[in-house]
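J.: Could you have a look at this structure, given as structure tokens, before my questions?
The values are calculated or read from the model by the stated rules, or taken from the named source; none is laboratory data. The shown structure was predicted, so the numbers you read here are calculated from the model rather than taken from an experiment. Virtual Cβ from ideal backbone geometry, glycine too; neighbours counted across all protein chains shown.
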Amino acid sequence: MFNPGLAEIGSPIPLGGTSNHFRTSVLKAIHGWDAWNVTEDADLGIRLARLGYEVRDLPSSTLEEAPITLGVWMRQRTRWMKGFVQTATNHSRKPWVLLRQLGLWRIYGALVLTWGTVLSALVYPLFSALFLASWLSGDTNFFASRWEAAGYAFSRALFFFGALAIFVPACIALHRRRLWRLLPWVPLLPFYYGLVSIAAWRGLWELATATFRWNKTSHGHARTSRSGLVQKHQARVVSTRSLKTAPP
């Protein structure tokens, strides 16, 4: 539900890796995509916005396959975080040009979706730990000043709305897809974002040590994937032929 929302408010969209449809003339006009960026789809989405093109969402379903092991998932997310830093760095080299091309609102969206994604992942464990330590201490009755009380109230409000930003979109997405069987996993999202933070730190390390390494993600293992459906159909055809040709 995330990208349709971005399209609705006119924000730049860091494209995903599945079900993108381009006009060939537009791709030629913007000189294709950056072959050195490990999230070339995200970079392409920001570049399209900078050059005056719009990205819209198609009301269609994609049988996108999630990584099947933690190791594969971690390598994929590490690549994504590294690529977001590459994208943000490339497009922030001339901020005044970026501002002129996108305008104030859209440049804010572009920076939040690139720098913001990585920075929030990097500091997520630290800020969560600080909040939990403050909350568990229970010393909330005495403040040295009104500013301290206001800061305390602000931190609580920020944490509350941050929690809503984690859980509410997930529940809305489950409702739209009729996947309520996945609801018991939603409370584990804070731990999931802890893993995202690890991927972000790994991405920074790779940016310094293996800038252009592309951690490939294997697909076609799930029964709902395109390859899985093809393999399932082929197996059914072979089984049917075997039954037809088997002796009585």
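J.: From the list VAL112, VAL118, VAL85, which residue is assigned to a helix (DSSP H, G or I), surrounded by fewer than 17 Cβ atoms within 10 Å (Cβ to Cβ) and either in contact with a strand residue (DSSP E or B) (Cβ under 7 Å, 6 or more places away or on another chain) or of a type outside the set (Asp, Glu) (or both)?
T.: Only one candidate qualifies: VAL112.
J.: Starting from residues that are touching a residue at least 60 places away in the same chain (Cβ under 8 Å) and over 28 Å from ARG176 (Cα atoms), keep the ones in segment 14-48 and report whichever is farthest from the chain's Cα centre (by Cα).
T.: TRP36
J.: What number of residues within segment 172-181 are part of a helix (DSSP H, G or I) and either loosely packed, with under 12 Cβ neighbours inside 10 Å or in contact (Cβ under 8 Å) with a residue 24 or more places away in the chain (or both)?
T.: Adding up the residues that qualify gives 6.
J.: Run down ALA49, ALA42, ALA7 and say which single residue is at pLDDT below 90 and of a type outside the set (S, T, N, Q).
T.: So the residue among ALA49, ALA42, ALA7 that is at pLDDT below 90 and of a type outside the set (S, T, N, Q) is ALA7.
J.: Can you confirm whether segment 215-224 contains a residue that is at pLDDT 90 or above, surrounded by 11 or more Cβ atoms within 10 Å (Cβ to Cβ) and among the β-branched types (Val, Ile, Thr)?
T.: No.
J.: Can you name the number of the only condition in (1) assigned to a helix (DSSP H, G or I); (2) at pLDDT below 90 that TRP73 fails?
T.: Of everything listed in (1) assigned to a helix (DSSP H, G or I); (2) at pLDDT below 90, TRP73 misses just condition (2).
J.: For segment 54-70, how many residues meet the condition of being in a loop (DSSP other than H, G, I, E, B) and in contact with a helix residue (DSSP H, G or I) (Cβ under 9 Å, 6 or more places away or on another chain)?
T.: Residues flagged as in a loop (DSSP other than H, G, I, E, B) and in contact with a helix residue (DSSP H, G or I) (Cβ under 9 Å, 6 or more places away or on another chain) within segment 54-70 amount to 10.
J.: Scan (1) assigned to a helix (DSSP H, G or I); (2) over 22 Å from ARG202 (Cα atoms) for the single condition ARG93 breaks and write down its number.
T.: If we test ARG93 against (1) assigned to a helix (DSSP H, G or I); (2) over 22 Å from ARG202 (Cα atoms), just (1) comes out false.
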